[in-house]
Amino acid sequence: MPCSGHQSGTAPAACSGCGAPGCSGCFELVEGAFYCTDCLLLRLQGAESEAYEMEEEAAAQDLQGEARRRIRRNWILTGLFSLVGVPAMTSLFTDDKTIPLAVKVLAVPVAGIAAVYLIWASLWGIPAAWRWWKGLFEGTSAVIFASGFGWILLAVGFFVIPLEFGYMYGVFGGAIYEYRKARRIASGIGLT
C-alpha cells in the first residue's frame, strides 16, 4: 500500500486517528501510536482545549471558595462586633432617664437591629469601596508623596475617604448588592 504523504514507497503503518496509510517520515510517533499531521494537530488542539477548560474550572472553584469564605467571615465578624456594638447602641436609650419606658421598650430592639445592620453593611461596603479606590491609584507615581502635603494627602486619600465612602456605600444598599453577588458566586451561578 502506498504512503498517503508521498506516493513513492510503502506504508508500514496507519494513522491511529484517521487510518490513513503512511511511513515513518510522514507520521509522528506519540505514546506508541502513529499520527498523521492533521490528526496530530487535532489531538494537540483537543489537549489545549481540555487544559483551558480545566484551568477555567479551577479558577471558578477558587472564586466560589473565596466567596464562601467571605460570606462566612463576614457573618462571624458581624456576630463578634455585635457583642460590643449592640450593647453600646442600646445603652444610648437605656441610660437616658428622660425617655419614657414605653419608648425604651420599642427603641432598644430597633437600636440593636440597626447596630447589627450597620456593622454588617460596613463589612460588605468598605472592602468593595477599598478595591475600587485602590484601582483608581494603580500606576500613580510616588512623587506626589515626596512632601509633607503629600503625606497628608496620602492619609486622607487612602484611608479616610475609602472608609467613609465604603461605610456609606454599604449602609445605603451596597452591602446587599455585594452580599447577593457573593452568594451568586458561591452557588456557581453566572460563572460560566
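Computed from the coordinates by the stated procedures, all read-outs in this text should not be read as laboratory data. Please read these numbers as outputs of a predicted model, since none were measured by experiment. Reconstructed Cβ throughout: ideal geometry from the backbone, glycine too, with neighbour counts over all protein chains shown.
Which of the chymotrypsin sites (Phe, Trp or Tyr not before Pro) found in region 23-86 are loop residues per DSSP with 14 or fewer other Cβ atoms within 10 Å of their Cβ? Nothing satisfies the criteria.
Within the listed set Leu42, Leu83, Leu63, the Gaussian network model of the chain (springs between alpha-carbon atoms below 10 Å) gives the highest mean-square fluctuation for Leu42. Taking the inverse of the mean reciprocal distance over all distinct Cα pairs, the Kirkwood hydrodynamic radius of region 62-127 comes to 13.2 Å.
For the chain, a simple Cβ point-charge model (Lys and Arg +1, Asp and Glu -1, everything else neutral) yields a dipole of about 1160 debye relative to the Cα centre.
Please list, in order along region 89-96, the HN-Hα scalar couplings obtained from phi with the Karplus expression 6.51 cos²θ - 1.76 cosθ + 1.60 (θ = phi - 60°), rounded to whole Hz, x for Gly and Pro. Once rounded to whole Hz, the list reads 5, 6, 5, 4, 8, 6, 7, 7.
Return the single residue from Gly19, Gly85, Gly170 with maximal mean-square fluctuation; model: Gaussian network over the chain, springs between Cα atoms under 10 Å. Its mean-square fluctuation being the largest, the pick is Gly19. Quick one: angle between helix 101-136 and the longest Cα principal axis of the chain, in degrees between 0 and 90, rounded to 10, please. Approximately 40 degrees, to the nearest 10. Gain on full extension, evaluated as 0.36 nm per residue between Ile161 and Lys104 minus their Cα-Cα distance, stands at 17.0 nm. Under a Gaussian network description of the chain, with springs only between Cα atoms under 10 Å, the residue in Ala115, Ala47, Ala60 that fluctuates furthest is Ala47. Here semi-axes √(5λ) of the Cα gyration tensor in Å was calculated from the structure, and among (1) 34, 21, 15; (2) 66, 25, 10; (3) 45, 20, 18 it sits at label (2).
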